[in-house]
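Working notes for the structure below.
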Amino acid sequence: MNVSEQLFERAQKVMPGGVNSPVRAFGAVGGAPRFIRSAQGARIVDEDGRTYIDFIGSWGPMILGHGDPVVREAVEQAVREGLSFGAATRREVEMAELICSAVKPVEMARMVNSGTEAVMSALRLARGFTGRDKLIKFAGCYHGHCDSMLVKAGSGALTNGAPDSAGVTRGAAQDTLLAEYNDLGSVETLLEQHSGQVAAIIVEPVGANMGVVPPAEGFLPGLRRLCDKHGALLIFDEVITGFRLSFGGAAEYFGVEPDLVCYGKIIGGGMPVGAYGGRRDVMSCVSPLGAVYQAGTLSGNPVAMAAGLANLTQLRERPEIYGHLNSLGERLAQGLRQALPGCAVNQIGSLVCPFFSSGPVTDYASARQSDVGRYAAYFRHMLDQGIYLAPAQFEAMFVSFAHTAEDIDQTIQAAAAAPRQA
């Protein structure tokens, strides 16, 4: 029994499933999870000393790679000054200013501690601002584990085959209306059926929790028009895509302006973080300015703000980063299409996902047609070859600035030798 197996055995006695987040348990792919000891650049090292090319990157924050020296130095300096104050700090002001200057629709922002918290707060704000109760979300889109969003969610909920969580009351979910991603007709029908009752439509601009599913042409502009027509707010959940597709976010990349945006991951540089922001008139409803209450002891934590500022500042000042990311993303996707015949490989920017599916994947229903058994065999093969992928079919591969063309080619070569059957 290796060290990771020993740790997993111990962990299962004291943590549910032996993990602190479900997908880490390797339940969808089999075997014991690797317990990671360290990381640097595009590589991680497990407790047995084995090195892997990493395509998880902590599920997205490590856009510059692990152990970026600028981020590390900023964190070390912040730690020397203090871990937490429970009071206002300069860094949280600088973070809010940076986000507002980068993303045109965001005029004010509030820091929180996770993507889930950002979504939960934005939804409450939308209801408070509009005076309406109902929300529209899309099947397969994951917006964290707040009760009202655990209705046909993606990510780990989709992987585990239980998109509707136990413990979510009917009351919590009854005002959540479900539409089909990339299907404007399904949205319009719901808005007409519940005329004057929908507070907001929340969407991942790129569906990145059912694999990677880019928006169809006209889908996001169509949502903007429908929100304007029916008096609902448009919320972009950019916990994954924020500052990854472009420095100006999905609003810049797709040319569509939401009313509210939710962030996480990259804005913390690997530290626990979240944020939501948007139009000034909407954000002015948040306490202490308005009646929508939201608070957090660790919100705007100085260490998280230091890491995030160092991350975002480099993305702003080094435009070659996005060119490198997008180029490698395309190289990886094209290579996987050749290496994995019969697979649908979706890619946008530095987000990539091979679906073991015979047809194109454009929404939740087509994603569900994927052969998860074949993915599991592929995952185990790649792990044996020193390539660390998401331990579930319905997750993205994240390319970082630290990856090289050689890393990508090595990954493609390993994929070409993968078993053709589950």
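The values are calculated or read from the model by the stated rules, or taken from the named source; none is laboratory data. All figures in this text were calculated on a predicted structure; none of them were measured in a lab. Here the Cβ is made from the backbone with ideal geometry for all residues, glycine too, and neighbour counts use every protein chain on show. Accessible surface is based on the protein model in full, side chains and every heavy atom, while ligands, DNA and RNA are left aside. Shrake-Rupley method; radii C 1.70, N 1.55, O 1.52, S 1.80 Å.
So with the 1.4 Å probe, I'd like the accessible area per residue for the range 270-422, rounded to whole Å².
Working: 5830 Å² over 153 residues.
In whole numbers, the range 270-422 has 38 Å² accessible per residue.
Show log10 I(q)/I(0) for the range 252-363 at q = 0.12, 0.24 Å⁻¹, two decimals, from a solvent-free Debye sum over equal Cα scatterers.
At q = 0.12, 0.24 Å⁻¹ the computed log10 ratios are -0.68, -1.26.
Per residue of the range 303-311, in order, report the coupling 6.51 cos²θ - 1.76 cosθ + 1.60 (Karplus, θ = phi - 60°) as ³J(HN,Hα) in whole Hz, putting x for Gly and Pro.
Here the 3J(HN,Hα) series is 6, 4, 5, 5, 5, x, 4, 5, 5 Hz.
Measure off, as a whole percent, the carbon and sulfur share of the 1.4 Å-probe accessible area of the chain, all protein chains present.
Details: 8360 of 16860 Å².
C and S atoms contribute 50 percent here.
For the chain, give the share of DSSP beta bridges that are antiparallel, in percent and rounded to the nearest 5; count only bridges with both residues there. Write out the running numbers ahead of the final one.
Numbers: 26 of 43 bridges.
Antiparallel bridges make up about 60 percent of those DSSP assigns within the chain.
Rank-order 258-266, 112-120, 386-394, 399-407 by packing density, defined as the average count of other C-beta atoms within 10 Å over each peptide's residues, highest first.
Values: 258-266: 27.8, 112-120: 24.7, 386-394: 23.1, 399-407: 20.0.
The packing order, highest mean first, is 258-266, 112-120, 386-394, 399-407.
Under the classification rounded if a/c is under 1.5, otherwise prolate if a/b is larger than b/c and oblate if not, where does the range 248-314 fall, given a ≥ b ≥ c as square roots of the Cα gyration tensor eigenvalues? Show your work: numbers first, answer last.
On the way: a/c = 2.73, a/b = 1.09, b/c = 2.49.
Oblate, since a/c reaches 1.5 and b/c is not below a/b.
What's log10 of I(q)/I(0) for the chain at q = 0.13 Å⁻¹, Debye sum over Cα points only, no solvent?
Values returned for q = 0.13 Å⁻¹ are -1.17.
By its C-alpha gyration tensor, with a ≥ b ≥ c as the square roots of the eigenvalues, how is the range 171-267 shaped: rounded for a/c under 1.5, else prolate for a/b larger than b/c, else oblate?
Numbers: a/c = 1.74, a/b = 1.57, b/c = 1.11.
Cα axes put the range 171-267 in the prolate bin.
Mind checking which lysines have their C-alpha under 21 Å from Lys104, skipping anything on the same chain fewer than 8 residues away?
Excluding near neighbours in sequence, the set is Lys265.
By a straight-distance test (C-alpha under 18 Å), which lysines pair with Lys229 as possible cross-link partners, with residues fewer than eight away in the same chain excluded?
Lys134, Lys137
Please list, ordered by chain and number, the residues whose modelled amide H lies under 5 Å from the amide H of Val213; skip anything fewer than 5 residues away on the same chain.
For Val213, whose amide H was placed from the backbone, the distant partners under 5 Å are Gly207, Ala208.
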